[in-house]
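One structure below.
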Amino acid sequence: MTCEFLGRKIKKREITQVSVIILIHPLLILLPSGITLAFFNQLAGNLNRV
């Protein structure tokens with residue numbers, strides 16, 4: 001028995017692709033944010049320092 005979505009059969013390859021995209025998407029957002037927070041003082045401009 002295969003899964004269906006909107007009347008189309010969903011293959012194993014398509015499920016794998018969606019799973020990889022779901023895992024990579026948060027990393028693309030959180031990784032630059034984490035780098036920015038970790039190196040905030042080095043990335044801040046001269047006018048932003050207090």
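No value in this document is a laboratory result; all are computed from the given coordinates. Only a predicted model underlies this, so the values are computations on that prediction, with no experimental measurement involved. Virtual Cβ from ideal backbone geometry, glycine too; neighbours counted across all protein chains shown.
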Q: Pop out the ³J(HN,Hα) list for the range 9-21 in order, Karplus 6.51 cos²θ - 1.76 cosθ + 1.60 with θ = phi - 60°, rounded to Hz; leave Gly and Pro as x.
A: 6, 9, 8, 4, 4, 5, 5, 5, 4, 5, 4, 5, 5
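Residues with beta-carbon under 13 Å from that of E4, excluding E4: net charge, scoring Lys, Arg +1 and Asp, Glu -1? Could the numbers behind the result be given before it?
Values: positive: R8, K9, K11; negative: E14.
Taking every Cβ under 13 Å from that of E4, the sum is +2.
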**Q.** Residue-wise HN-Hα coupling along the range 26-34, computed from phi with Karplus coefficients 6.51, -1.76, 1.60 (Hz; x: Gly, Pro)
**A.** x, 5, 5, 8, 7, 5, x, 5, x
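In the range 6-39, what trypsin sites (Lys or Arg not before Pro) fall in a loop by DSSP, with at most 16 other Cβ atoms inside 10 Å?
Values: sites: R8, K9, K11, K12, R13; in loops: K11.
Passing both the DSSP loop test and the Cβ count: K11.
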